[in-house]
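The values are calculated or read from the model by the stated rules, or taken from the named source; none is laboratory data. Predicted model, so just to flag it, every value in this text is computed and none were measured. Here the Cβ is made from the backbone with ideal geometry for all residues, glycine too, and neighbour counts use every protein chain on show. For accessibility, only protein heavy atoms count, side chains too; no ligands or nucleic acids. Shrake-Rupley method; radii C 1.70, N 1.55, O 1.52, S 1.80 Å.
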Amino acid sequence: MKTNSLYIHREIAGESLLIPVGEATKKLNGMIQLNEVATFIWKKIDTASSIEEIVSLVCKEFEVEQERARTDVLALCKELYERDLISEVPEFE
């Protein structure tokens, strides 16, 4: 998996944001606010080998059951993929 380099992650005034740059500003006029779990997932996307690895990391970090973590990770990754914020997701291609 890979994050789209046209969206940069910034922590501003305690808020976690994805900010479009360059051509991405034509698709999104604004910013995307991420909650704590979404921020954690976003930071793992470029280094994780699979969605299942991210699920495992979420379980450990947030002490949540695997099925709940899988549901949440898949939902977020699917939304990010559909919005072209991430790519190279074998589960969705």
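Structure above, values below:
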{"read-out": "Test: residue in region 9-17 that is aliphatic (A, V, I, L, M) and in contact (Cβ under 8 Å) with a residue 24 or more places away in the chain", "value": "no"}
{"read-out": "Close pairs (8 angstrom Cβ cut-off, 6 or more residues apart or separate chains): of a type in the set (Lys, Arg) in region 24-48, not in a helix (DSSP H, G or I) anywhere", "value": "27/20; 27/84; 43/9"}
{"read-out": "Any hit, region 10-21, residues being in contact with a helix residue (DSSP H, G or I) (Cβ under 8 Å, 6 or more places away or on another chain), outside any loop (DSSP other than H, G, I, E, B) and open to solvent by less than 20 Å² (accessible area, probe 1.4 Å)", "value": "yes"}
{"read-out": "Residues satisfying the stated conditions in region 1-47, i.e. within 12 Å of the chain's Cα centre (by Cα) and modelled with pLDDT under 95", "value": "1"}
{"read-out": "Residue check, residue 66 more than 13 Å from the chain's Cα centre (by Cα), open to solvent by 70 Å² or more (accessible area, probe 1.4 Å) and free of Cβ contacts under 8 Å to residues at least 60 places away in the same chain", "value": "yes"}
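Quick grid of which residues meet (1) at negative phi; (2) part of a helix (DSSP H, G or I); (3) of a type in the set (A, V, I, L, M):
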| site | (1), (2), (3) |
| --- | --- |
| 25 | yes, yes, no |
| 38 | yes, yes, yes |
| 49 | yes, no, no |
| 56 | yes, yes, no |
| 72 | yes, yes, no |
| 75 | yes, yes, yes |
| 84 | no, no, no |
| 92 | yes, no, no |
